[in-house]
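What follows is a single structure, and I will ask about it in a moment.
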Amino acid sequence: MNRIGIDLGGTKIESILLDEKLSVLERKRMPTPKNDYTKILESIVNLVYEIKTEPCKIGVCTPGAISKKTGFIKNSNTQCLIDKPLKEDLEARLGQKISMENDANCFAIAEATMGSAKNFDLVFGVIMGTGVGGGITINGKIHSGRTNIAGEWGHHILHSNGHKCYCGKNGCVETYISGPALEKQWLEITGKSQPLIDIIKNLGNDEKSHLWKSTFLTNFGRSLANVIDILDPDVIVLGGGVSNIQFLYDEGRDSVYENVFSDLIDTPILQNKLGDSAGVFGASLLY
Ligand SMILES: [Zn+2]
């Protein structure tokens, strides 16, 4: 049976039609309507009907988690989706059952099935971008957990009494190694407000650069070592804008290894292969 994946992002909605062998038959995208839930629903339905073949499995990748308690979207940066029964509303309009998962879980299943983590059993997929999230797949299936929060390492506490986080806690990983957090630390150290891409480009051998980088590496190392200590995955794949920083794959990896409680540590830490397409491919693989 063919499959459709929909990636609902903050700026664009993308759709893809794959055949049984996972070859791409069609692909479309459009801008996400701003702050209008009904228009977002209509856009998704239109994108599906433009490429749909019968019968077809449909999966949707959403920004934000789906509450196991209510079935509604929560923690989404596309705010008009919050507390809306997106899955139910789409099923009613499309006349069939669909699958829905957050972007971190879609990233993990896409990389585990057709990306860098192919051929590994237990995969921890990491998103480090505007926020920090993660997803776990076991033998190609998403492990959501009893309460749907498995893999959400971005909000485990790295520094008690640390930075205030929007989630209500203090010292979450996200407040140290997300893109905005790293830019804020650079501003505090150097007085310069620069996007992460420029910070990396201009990173020198001076004391301030060194302080910023070593703090980043320590926080990255400790937070991922905590994951390895608990989950011991076969591979870790990094995604999101921050994952383009190349020193994470040698110095970053070494910092993780230094913090793991084991006499043997060789967990591969790999860059993603699918880039921005992980969401839409992951959505199509949710069955
Ligand atoms: Zn938090």
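No lab work stands behind these numbers, since they all come straight from the coordinates. As the structure is a prediction and not an experimental result, all values here were calculated from the model. We place every Cβ from the backbone using ideal geometry, glycine too, and count neighbours over all the protein chains shown.
For S116, S262, S144, what's the fewest-to-most ordering of other Cβ within 10 Å of each Cβ?
Numbers: S116 21, S262 12, S144 18.
Fewest-to-most ranking of S116, S262, S144: S262, S144, S116.
Still on this structure, I have one more. Suppose we keep just the DSSP beta bridges with both residues in the chain; what percent of those would be antiparallel, to 5? All intermediate terms of the calculation are to be shown ahead of the outcome.
Values: 26 of 44 bridges.
DSSP beta bridges in the chain are roughly 60 percent antiparallel.
What is the extension gain from I197 to Y287, computed as 0.36 nm multiplied by their sequence separation minus the C-alpha to C-alpha distance, in nm to one decimal?
Here the segment from I197 to Y287 would lengthen by 28.8 nm.
Just grab the label-to-label distance for K12 and E50, each label 7 Å out from Cα along the Cβ direction, in nm (one decimal).
Modelled inter-label distance: 1.2 nm.
In nm, to one decimal, how far is the E42 label point from the Q96 one, both placed 7 Å along Cα→Cβ?
Reported label-point gap for E42 and Q96 is 2.4 nm.
Give the calculated FRET efficiency between N205 and Y249 to the nearest 0.05, with a Förster radius of 22 Å applied to their Cβ-Cβ distance. Walk me through the numbers on the way to the answer.
On the way: r = 21 Å, r/R0 = 0.93.
Efficiency computed from Cβ-Cβ geometry: 0.60.
Sort C61, C80 by Cβ crowding within 10 Å, fewest neighbours at the top.
Details: C61 29, C80 17.
The order, fewest Cβ neighbours first, is C80, C61.
Compute the distance in nm between two label points, each set 7 Å from the Cα along the Cα-to-Cβ direction, one at H143 and one at N119.
A separation of 2.2 nm, rounded to one decimal place.
Then there is this: Against the longest alpha carbon principal axis of the chain, how many degrees, from 0 to 90 and to the nearest 10, is the axis of helix 103-114 turned?
So the inclination is approximately 80 degrees.
Fewest to most neighbouring Cβ within 10 Å: what's the order for W212, W186?
Working: W212 18, W186 24.
Final ranking by Cβ density, sparse to dense: W212, W186.
Tell me, what is the FRET efficiency for L25 and K68 to the nearest 0.05, using R0 = 41 angstrom and their Cβ-Cβ distance as r?
Working: r = 33 Å, r/R0 = 0.81.
For R0 = 41 Å, the calculated efficiency reads 0.80.
Could you give the length gained on full extension between K164 and E188, defined as 0.36 nm per residue of separation minus the Cα-Cα distance, in nm? The partial results should precede the final answer.
Values: separation 24, 0.36 × 24 = 8.64 nm, distance 1.58 nm.
Difference between extended and current length: 7.1 nm.
Assuming 0.36 nm per residue, please report the length gained on full extension of the stretch T215 to D276 beyond their Cα-Cα distance.
Working: separation 61, 0.36 × 61 = 21.96 nm, distance 2.77 nm.
Gain on extension, T215 to D276, equals 19.2 nm.
Between 0 and 90 degrees, rounded to the nearest ten: what's the tilt of helix 207-231 against the longest Cα principal axis of the chain?
Tilt relative to the chain: about 60 degrees.
Now for a different question. Lysine pairs in the range 142-222 with alpha-carbon atoms under 26 Å apart, 8 or more places apart or on different chains: how many are there?
Going through the range 142-222 pair by pair, I get 14.
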